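Notes follow once the structure below has been shown.
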Amino acid sequence: MIPRDEAELADILRAASEPISVRGNGTKLGMLRPVQAAATLSTSALTGITLSAPKELVLSARAGTPLAEIEAEAARNGQHIIAEPPDFSALLGTIGPQIIGPQTIGPQTIGGVTATNLSGPRRVAWGAMRDHVMGVRAVNGAGEIIRAGGRVLKNVTGLDICKLLTGSHGTLAVMTEITIKVLPAPERRATVALMGLDPKQAVAALSAALGSPYSVSGAAHLPAAMAARIPALAWLGGAVTLARIEDFALSVAYRSGRLRADLAGFGVAEILDDGASRAAWAAIRDAAPLVGEPGCVWRISVRPSAGPAVAATLEAAFGAAWFMDWGGGLVWAAGPADEAAHAAVADAARASGGTWMLLRGPEPLRAAVAVVPPEAPALAAIARRVKAAFDPRGILNPGRIHAGL
Amino acid sequence: MIAQPVPKAASLAKRDAIVAGLRRLVRDSGVIAEPIRMKTYETDGLAAYRQVPMVVVLPETTEEVARILAFLHQEGVRIVPRGAGTSLSGGALPMEDAVVVGMMRMNRILDIDYDDRCAVVQAGVTNIGITQAVQERGFFYAPDPSSQLACMIGGNVNMNSGGAHCLRYGVTANNLLGLKIVTIEGEVIDIGGAHMDAAGYDWLGLLTGSEGQLAIVTEVTVRILRGPEGARAMLAGFASNEVAGACVDAIISSGIIPVALEFMDKPAIHACEAFAHAGYPLDAEALLIIEVEGSVAEQDHLLGRIKDICREYDPITLRVSESAEESLAIWKGRKGAFGAVGRISPDYLCMDGTIPTGQLPLVLRRIREMSDACGLQVANIFHAGDGNLHPLIMFDANDPDSFHRAEVFGADILKLCVEVGGCLTGEHGVGVEKRDLMGVQFNAAELDQQRRIKSAFDPGWLLNTNKVFPLLHTA
């Protein structure tokens, strides 16, 4: 089903009695648990930018609008989407156009990025996608049209349903329109690149960078094998540890120089220019070094100082290919598509007090294991009641995040 | 006056048993049941509303909070969570049949981790207390509400508090990593932690700004940030609100996002200058306080560009602070604005709507017209970059008619905010004050959706019942 507008979508949900697989253009179908549903509903026909107010730093679009269109509109106004959302279609094998099941895969949509709360490298300094969703229109599982938030930057009126729906993977309501905050795009970017550090030294350097007064907006570490897969970094040879600065040209020149001097104790550093920085961080954002890896891909979020231990554990457990973003707080890992490897990831994340997501894996495995950590019983009970509060008949993407929810 | 719910007769009837029960759960000094001592808790920052609660309990640990909630849940008694009581919307206003759970004894900083840039603090730690604990290393906790000397982080989480620097650093929700909460059944749940972006539903986001409707927050993991190399403020005075508003648009359009961009109208300028002697221009109709950060050279560069933009709008005054003391004085006027207005009027209501910034000239003109029509003065202070208005309506609490007109005036301003595309509250919360206006912003289905979320956490509607949602449930 591809409703042409919000009213038709609401009619469909009001009349529905069986589970529905909810999606945008289908680029993230390989994420999380597969949904067992006879019917599919796509927001792909709900397109178009509905508000562009650069002076007010907001932009609204219907949920099926390709993200690239929104990025282009923001760029025309000298602005950008703050959370730097990634594009995992290469990683997930969902580059369109192609047909997967009943779905013609297209470019990822603003609805999809919001429903999955996916954020890129800038998340470490400027917040996640959910931090910049200012307003939402959605249809809940009973077919009621619900507005939450609005089009202003500060709004605490009532419960924050915008944040609840962001990252809810279509299990509570189907978003039809999203308003995001945008900010002026930086005039220039530069990256301080340290070479040859081991993971612990790297995270210490990134902590120093993120704890500096220079507004570092990206902090990643790639072992040699991973860096070699990014053309903008391969020439450096060996492991690279990267700290990005984005600002006015004068500030970028000053701050990158100061940062390199402050980090001198960690070794010699190169400074990557604007073009190389763009290319390198786009590759990190999209997990490009892991695209060619067979098997599973996990995203593990831990306190940054725990990143190296998690990486070492997974390397020892199943020879994981890995790199770190968010100053060490986001460990990307690839490994064999089996339950033993998955259990090792879950154990390592749990031991560090963190969380994980099975981002890519064969469908039988994703159906068999917990793809995100199970919630404590008291919280799981609340989750079931909140799900029922939006979707009393349990028709929207059942089992997408947790089995039975 | 806004109606209060009918007290539960069953709760009032067993007051002595509730007091005795609470005395078994916390140390003796933690239960306050004498009416004279409970007067301290009868109101908050919305001082026109007062109600002595049934009893006050002051837990010292999460376990005590859990035992208290389990007990009160079993007894079916209503609960009002309270931090420092600085809410401007009546978020901590007690009910006659309710137990106030005051968090002020849970005031310890549990952990500071500079490498991972986070701190774990109990709910009763003050906002400024976090910054003070980390500033020796050059770090700070970003949200800075005007009440930051007194207000507590647990209250900040529940109201999703903002401040003057949100434009750059975000509000409370953008600066949290984790919470420890106690549910109405007395279950302790950890949400998030020192890491970013928990998988599954964004409970952290939902609980932030939930105004005590869903659970009691006992511990908070906050992000701490390294401060900039320096910061400097400048003043720009203009001949009209329209011109100042256009100048704000021009600054944002130029690609510069100052860390703060504050707007005052003439009555606010006069009140604040009389209080702070900051050198505000008394002949200006509108004043912008603009702050930038960075090294001295970066500050000079940005302030130079901003000055060039301001010059296109015929400023009456254009003054860049030359010293840390001067910047401090400039901010003293703004941060003391509420107190300053308090000096010229016996009482005031502080409103908190947000509007799309392009609507500023229209909204200020309409507020002026309303002010003339109802015969009450108003001073406007405004976070200009994000559209968050703070009209201060001056009235005399000894004159019931004056108070009534002030409440009607305030409600009309908030309705206007919604009408032009904004919202009822940008950072103070709905509380009691705006509860009955929720229907202006949300339709019945939307309010019911929010109520069902409340019910998912608190099926018996015992937590802070008389706030946020227009009353349906009576005892």
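Comparing the stretch B:1-131 with the 2.2 N^0.38 Å rule of thumb, its C-alpha radius of gyration ratio is 1.13 (two decimals). Here the Kirkwood formula puts the hydrodynamic radius of chain B at 23.2 Å, using every distinct Cα pair. Here the contact order of chain B, divided by its residue count and restricted to Cα pairs under 8 Å and six or more residues apart, works out to 15 percent.
Under 5 Å from the amide H of A:GLY24 lie the amide H atoms of A:THR43, each residue being 5 or more positions distant or on a separate chain, with H modelled from the backbone and absent for Pro and chain starts.
For chain A, the share of DSSP beta bridges that are antiparallel, to the nearest 5, is 95%.
Its Kirkwood hydrodynamic radius, worked out from the mean inverse distance over all distinct Cα pairs, puts the stretch A:6-184 at 16.3 Å. For the stretch A:6-184, the share of DSSP beta bridges that are antiparallel, to the nearest 5, is 90%.
Over the stretch B:192-288, with a single point scatterer placed on each C-alpha, what log10 of the ratio I(q)/I(0) does the Debye formula yield at q = 0.13, 0.20, 0.22 1/Å? Values returned for q = 0.13, 0.20, 0.22 Å⁻¹ are -0.77, -0.94, -1.04. Over all pairs of different C-alpha atoms in the stretch A:97-156, the reciprocal of the mean inverse distance, the Kirkwood hydrodynamic radius, equals 14.0 Å.
Note on the stretch A:288-368: Cα Rg divided by 2.2 N^0.38 Å, N the number of residues, gives 0.97.
Given chain B, what percent of its DSSP beta bridges are antiparallel, to the nearest 5? Close to 85 percent. For the stretch B:40-45, putting each phi into the Karplus relation 6.51 cos²θ - 1.76 cosθ + 1.60 with θ = phi - 60° gives couplings of 3, 9, 6, 8, 9, x Hz, in residue order, rounded to whole numbers and with x for Gly and Pro. Modelled spin-label separation between B:ARG50 and A:LYS200, with each label point placed 7 Å from Cα along the Cα-to-Cβ direction: 6.3 nm. I need the shape label for the stretch A:188-285. Rule: rounded when a/c is under 1.5, else prolate if a/b > b/c, else oblate, with a, b, c from the alpha carbon gyration tensor. It comes out oblate by the Cα gyration axes. Close amide-amide hydrogen proximity is noted between A:LEU183 and A:HIS80, A:ILE82, each under 5 Å apart and 5 or more residues distant or on a separate chain (H modeled in the peptide plane; Pro and chain starts excluded).
Across the stretch B:144-154, rounded Karplus estimates of 3J(HN,Hα) from the backbone phi angles (6.51 cos²θ - 1.76 cosθ + 1.60, θ = phi - 60°) give 9, x, 4, 8, 4, 5, 10, 5, 10, 4, x Hz, Gly and Pro being marked x. With a ≥ b ≥ c taken as the square roots of the eigenvalues of the C-alpha gyration tensor of the stretch A:69-118, please select rounded if a/c is under 1.5 and otherwise prolate if a/b is larger than b/c or oblate if it is not? Note, shape of the stretch A:69-118 comes out prolate. Comparing A:VAL156, A:VAL386, A:VAL291 in a Gaussian network model of chain A, where Cα atoms under 10 Å apart are tied by springs, the biggest mean-square fluctuation is seen for A:VAL156.
Evaluated at q = 0.13, 0.14 Å⁻¹, the base-10 log of the normalised Debye intensity for chain A, with identical point scatterers placed on the Cα atoms, takes the values -1.13, -1.28. Placing unit charges on each Cβ (+1 for Lys and Arg, -1 for Asp and Glu) gives the protein assembly as shown a dipole about its Cα centre, and among B:PRO228, B:SER210, B:GLY336 the Cα reaching farthest toward its positive end belongs to B:SER210. Mean partner shielding of peptide A:166-176, defined as the number of other chain Cβ atoms within 10 Å of each residue Cβ, is 2. A straight line joining the Cα centroids of the stretch A:341-405 and the stretch B:49-102 runs 34 Å. A Förster radius of 25 Å combined with the Cβ-Cβ distance from A:ALA45 to B:ARG452 puts the calculated FRET efficiency at roughly 0.30. Rounded to the nearest Hz, the phi-derived 3J(HN,Hα) couplings of the stretch A:252-263 under the Karplus curve 6.51 cos²θ - 1.76 cosθ + 1.60 (θ = phi - 60°) are 5, 4, 5, 5, 5, x, 5, 5, 4, 5, 5, 9, where x marks glycine and proline. Calculated on the Cα set of the stretch A:237-288, radius of gyration then Dmax: 11.8, 31 Å.
Each residue, B:ALA397 and B:GLU369, gets one label point 7 Å from its Cα in the Cβ direction; the gap between the two is 3.3 nm. Volume of the convex hull of the stretch B:293-382 (Cα atoms only), normalised per residue: 152 Å³. Amide hydrogen proximity for B:ALA384: with H placed 1.01 Å from N in the peptide plane, the residues at 5 or more positions away or on another chain lying under 5 Å are B:LEU261, B:GLU262, B:PHE263. Comparing A:GLY292, A:GLY361, A:GLY329 in a Gaussian network model of chain A (Cα springs below 10 Å), the most mobile by mean-square fluctuation is A:GLY292.
Reducing the stretch B:440-460 and the stretch A:114-165 to their Cα centroids gives an inter-centroid distance of 17 Å.
For the stretch B:92-157, a Kirkwood radius taken over Cα pairs fed into Stokes-Einstein (10 °C, viscosity 1.306 mPa s) yields D = 123 µm²/s. When the square roots of the Cα gyration tensor eigenvalues are ordered a ≥ b ≥ c, the ratio a/c for the stretch A:149-221 is 1.5 or more and a/b exceeds b/c, which makes its shape prolate. When the Gaussian network model of chain A links Cα atoms closer than 10 Å, the mean-square fluctuations of A:ARG137, A:ARG23, A:ARG350 top out at A:ARG350. Its residues counted as N, the protein assembly as shown yields a C-alpha radius of gyration over 2.2 N^0.38 Å of 0.92. Dimensions of the stretch A:339-395 based on its C-alpha atoms, expressed as ranges along the principal axes with the largest first, amount to 36, 27, 14 Å. Stokes-Einstein diffusion for the stretch B:109-226 at 20 °C, viscosity 1.002 mPa s, with a Kirkwood radius from C-alpha pairs, works out to 153 µm²/s. Placing a label point 7 Å from the Cα of A:ALA7 along the Cα-to-Cβ line, the residues of the stretch A:43-71 whose backbone N sits under 17 Å from it are A:46-47. Each of A:GLN103, A:SER215, A:ALA243 was scored by the projection of its Cα onto the charge dipole of chain A, and the greatest displacement toward the positive side belongs to A:SER215; charges sit on the C-beta of Lys, Arg, Asp and Glu.
Only the coordinates and a few stated rules stand behind these numbers; no lab work does. As the structure is a prediction and not an experimental result, all values here were calculated from the model. Methodologically, a virtual Cβ is constructed for each residue, glycine included, from the backbone with ideal geometry; neighbour enumeration extends over all protein chains shown.
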